[in-house]
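Here the structure is laid out as C-alpha cells; the discussion comes afterwards.
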Amino acid sequence: MTDADLARPDLTSAGYPAERVSLVDLLDRVLAGGVVVTGEITLSIADVDLVVISLRALLTSVSALTGQDPEAERADRR
Amino acid sequence: MSEDSGVWAYAITEEGHLSGPEGPVDLSWLTGVGEAKVRTVTSGGLAALVSDVSLAEFGEAALRENLENLDWLDEVAREHHYVIDAATRLFPLLPVRLATVYTGDAAVSAALTERGGQLRDALRRVGGRVEWGVKAYAAQHEPEGPNEAEGPDEAKSADADGEPAGGSAQPRTEGGVGLAYLRRRRAQLTAARETKTAAVTGAQEVHAELTAKAADARLHPPQSPQLSGVRQPMLLNAAYLLDAAGSVAFTAAVGGQATAHPELRVELTGPWPPYSFVGGDDDGR
C-alpha cells in the first residue's frame with residue numbers, strides 16, 4: 001500500500017505549513033501520552049494541563065500566521 | 001553535574017536490553033534536547049535514557065514559560081521524539097512524557113526504584129510494539145452556505161451579461177428562480193445533515209474494525225479545524241497498538257477502510273513509539 005491509497009487532507013487551504021499539522025499529532029502524544037514518572041522539578045506543574053498550555057500556544061501562533069482565525073476568514077467569504 | 005543543571009528523561013527500558021548478545025547498545029551518537037549527549041541511568045534492573053539540561057531553560061519557572069512558546073515547544077518536542085523514535089528501533093522501551101526533569105541522576109534512580117513494578121508491567125504490555133495514528137474527517141461536500149455560483153445572484157449575473165433572451169424571460173422566471181433556489185437550498189441542508197450523520201457512523205465503524213485488528217486502541221480528542229488544518233470536522237483521532245510484525249496488515253486494513261468509507265477522508269500516521277498506551281489514565285495499569 002502506498003500513501004496515495006489514502007485520501008490526504010488539503011493542507012494548502014489551512015494557510016499554515018504542513019509541518020505544523022504533524023506537530024499537533026506529535027503533541028497529542030508527547031504531552032498526553034508517555035509514562036509519568038514523577039520528576040522532582042516537574043512535580044509541581046503536573047497539575048497544569050500541559051495539553052491546554054500547548055494548544056493555546058499553537059492557536060496563538062496559527063492566528064499570527066494567517067492574520068485571522070479560519071472562522072472569521074470563512075465569514076468574510078460569504 | 002553543576003547545581004544549575006538538571007536531567008531530562010526520554011525513555012525507560014530494561015537494563016538487560018542495553019547489552020544484547022551482539023554487545024552493548026551504543027548510544028554515544030544520540031543527541032537530545034539542546035543537542036546534549038544521551039546517556040543512561042540505571043537502577044534495579046531498569047535504565048532511563050537521559051541527558052543534561054540547563055535549569056535556566058528547563059527549571060520549573062522556565063518550563064512554565066517556555067511551554068507557552070510554540071517555537072520552543074516545537075523544537076523540544078521534536079528533539080524529545082527523535083531520541084525516543086531512534087531508541088525504539090534498537091530495543092523495547094517506554095516513552096516518558098515530555099518535560100520530565102530531575103535534579104540529578106540520584107533522583108532518576110530513586111524514581112526507577114520507586115516505580116519499578118509498574119514500569120516493568122508497562123514494558124511487558126507495550127515494549128516492542130508500535131502505534132499507528134488514524135484520523136478521519138467528514139469528506140468534502142457541497143458548501144452549507146449559499147455562494148455566488150448557486151444563490152439567486154446567478155440570475156442577476158446572467159442578466160448583466162446582456163443576452164437578448166435574458167431581458168424578455170425575466171418577468172416569467174423571477175418567481176421560478178426564487179422557488180427553485182429555496183428548494184435547492186432545502187435539499188442542500190438535508191443532504192448536508194445526512195452526509196454528516198453518515199460520516200459520524202462511518203467513523204465509528206472504522207474505529208470498531210481497526211480496534212478488532214489491534215492489540216489495543218486509544219482515542220485522542222478530535223483536533224479542531226484550526227489545529228488539524230482541515231476544514232471538515234475531525235470525527236476520529238485514534239491510536240492503535242500493534243506488534244511490529246502486524247504493521248503491514250494493519251496499514252492495509254486502514255487503506256481498506258478508507259476505500260470502504262467514501263464519506264470519510266482517512267489519514268494514517270506512524271509508526272509511532274507507543275506514546276498513547278502509557279501514562280494518563282493507564283498509569284500503573
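The values are calculated or read from the model by the stated rules, or taken from the named source; none is laboratory data. Since the model is a prediction, treat every value here as computed from it, not as a measurement. Cβ coordinates were reconstructed from backbone atoms using ideal geometry, including for glycine residues, and neighbour counts include every protein chain displayed.
Answer yes if at least one residue in region B:53-70 is crowded, with 23+ Cβ neighbours inside 10 Å, modelled with pLDDT under 95 and under 21 Å from the mean Cα position of the chain (by Cα), and no otherwise. No; the residues of region B:53-70 include none that is crowded, with 23+ Cβ neighbours inside 10 Å, modelled with pLDDT under 95 and under 21 Å from the mean Cα position of the chain (by Cα). Exactly one residue out of B:Leu67, B:Leu73, B:Leu63 is touching a residue at least 12 places away in the same chain (Cβ under 8 Å), out of contact with any strand residue (DSSP E or B) (no Cβ under 9 Å at 6 or more places or on another chain) and over 13 Å from B:Tyr275 (Cα atoms): that is B:Leu67. Here B:Pro274 clears all of (1) surrounded by 21 or more Cβ atoms within 10 Å (Cβ to Cβ); (2) touching a Gly at 6+ places or on another chain (Cβ under 7 Å) except the condition numbered (2).
Each residue in region B:118-128 was checked for being under 30 Å from B:Ser228 (Cβ atoms) and buried (at least 22 other Cβ atoms within 10 Å of the Cβ), and 2 of them qualify. Taking every residue in region B:220-242 that is over 18 Å from B:Arg129 (Cβ atoms) and within 10 Å of chain A (Cβ to nearest Cβ) and pairing it with any residue that is among the aromatic types (Phe, Trp, Tyr) and buried (at least 22 other Cβ atoms within 10 Å of the Cβ), at least 6 positions away or on another chain, the pairs with Cβ-Cβ distances below 9 Å are B:Ser228/B:Tyr137; B:Val230/B:Tyr137; B:Arg231/B:Tyr137; B:Gln232/B:Tyr137; B:Met234/B:Tyr137. Whether any residue in region B:30-37 is over 27 Å from the mean Cα position of the chain (by Cα), within 13 Å of another protein chain (Cβ to nearest Cβ), more than 18 Å from B:Thr88 (Cβ to Cβ) and surrounded by 12 or more Cβ atoms within 10 Å (Cβ to Cβ) is what I want to check. Among the residues of region B:30-37, not one is over 27 Å from the mean Cα position of the chain (by Cα), within 13 Å of another protein chain (Cβ to nearest Cβ), more than 18 Å from B:Thr88 (Cβ to Cβ) and surrounded by 12 or more Cβ atoms within 10 Å (Cβ to Cβ), which makes the answer no.
For B:Ser51, indicate whether it is among the hydroxyl-bearing types (Ser, Thr, Tyr), in a loop (DSSP other than H, G, I, E, B) and in contact with a Lys or Arg (Cβ under 8 Å, 6 or more places away or on another chain). Considered against the rule, which asks whether it is among the hydroxyl-bearing types (Ser, Thr, Tyr), in a loop (DSSP other than H, G, I, E, B) and in contact with a Lys or Arg (Cβ under 8 Å, 6 or more places away or on another chain), B:Ser51 comes out as no. Please specify each residue of region B:243-275 satisfying the condition of being more than 9 Å from chain A (Cβ to nearest Cβ) and in contact with a Pro (Cβ under 7 Å, 6 or more places away or on another chain). Result: B:Ser247, single match.
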